[in-house]
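To keep things clear, I will list the structure first and then write my remarks on it.
The values are calculated or read from the model by the stated rules, or taken from the named source; none is laboratory data. Computed from a predicted model, the values in this text were never measured in an experiment. Glycine gets a Cβ as well: all are built from the backbone with ideal geometry, and neighbour counts include every protein chain shown.
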Amino acid sequence: MTTFDTAVGTGADVLNRSKPVRVLVALRISCLTDESTSLERQLADARAYIAKKAAQGLNWVEVGVARDAHVSAKKQHPMDRAELGHWLRERAPEFDLILFWKLDRFIRKVIDMQDMLRWAKGHGKKSW
């Protein structure tokens, strides 16, 4: 069972029970033959996690899904991915939190994580 310990969001607003937290679900897989982490499984687990947060009284709302298939996190920075990169560059004001299945679905290099934390801070977002 995936716990979704890792997300990038806007800090205190993520825990605010009255204000909706707009969640972007980020999916990535490098090889479509791996059923254990298929895009469908990642999405189903993410939606179940969002529903769990709602049941806990948190007002999380899915606002979009960035699906990146055939993408290596070792070779491609999150900003350079077709769908996630589009959300990060063009649609950042539309979400408060990026939710991903596991950290390795988001990044594989420490430098990429540093870049994304810098991006989050520059866009009024906070790691959570």
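Could you tell me whether Leu99 is at pLDDT 80 or above and either of a type in the set (Asp, Glu) or farther than 25 Å from Ala48 by Cβ (or both)?
No: the conditions fail for Leu99.
Inclusion of Ala120 among residues that are part of a loop (DSSP other than H, G, I, E, B) and under 15 Å from the mean Cα position of the chain (by Cα) is not warranted.
When Lys125 is tested against (1) among the basic types (Lys, Arg); (2) under 19 Å from Lys74 (Cβ atoms); (3) crowded, with 16+ Cβ neighbours inside 10 Å, only condition (2) is not met. Within the range 93-117, the set of residues being outside any helix (DSSP H, G or I) and either under 18 Å from Pro20 (Cβ atoms) or touching a Leu at 6+ places or on another chain (Cβ under 6 Å) (or both) comprises Phe95, Asp96, Leu97, Ile98, Leu99. Entry remark, the range 50-68: residues being within 15 Å of the chain's Cα centre (by Cα) and either at pLDDT 95 or above or hydrophobic (A, V, I, L, M, F, W, C) (or both) number 8 in total. Of all the numbered requirements in (1) modelled with pLDDT under 85; (2) among the charged types (D, E, K, R); (3) farther than 18 Å from Val25 by Cβ, Lys121 misses one, and that requirement is (1).
From the residues in the range 16-36 that are part of a strand (DSSP E or B) and modelled with pLDDT of 85 or more, which one is farthest from the chain's Cα centre (by Cα)?
Within the range 16-36, the match that is farthest from the chain's Cα centre (by Cα) is Val21.
Results for (1) surrounded by fewer than 18 Cβ atoms within 10 Å (Cβ to Cβ); (2) touching a helix residue (DSSP H, G or I) at 6+ places or on another chain (Cβ under 7 Å), shown as yes or no for each residue.
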residue: Ser72; (1), (2): yes, no
residue: His77; (1), (2): yes, yes
residue: Leu84; (1), (2): no, yes
residue: Trp87; (1), (2): no, no
residue: Glu90; (1), (2): yes, no
residue: Asp96; (1), (2): no, yes
residue: Leu99; (1), (2): no, yes
residue: Ile107; (1), (2): no, yes
residue: Ile111; (1), (2): yes, no
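For residues that are over 15 Å from Arg41 (Cα atoms) and either basic (Lys, Arg) or touching a Cys at 6+ places or on another chain (Cβ under 9 Å) (or both), scanning just the range 102-117, find the one that is modelled with the lowest pLDDT. So the residue we want is Arg108. The set of residues from the range 76-92 being in a loop (DSSP other than H, G, I, E, B), at pLDDT below 85 and more than 19 Å from Lys121 (Cβ to Cβ) comprises just one member, Gln76.
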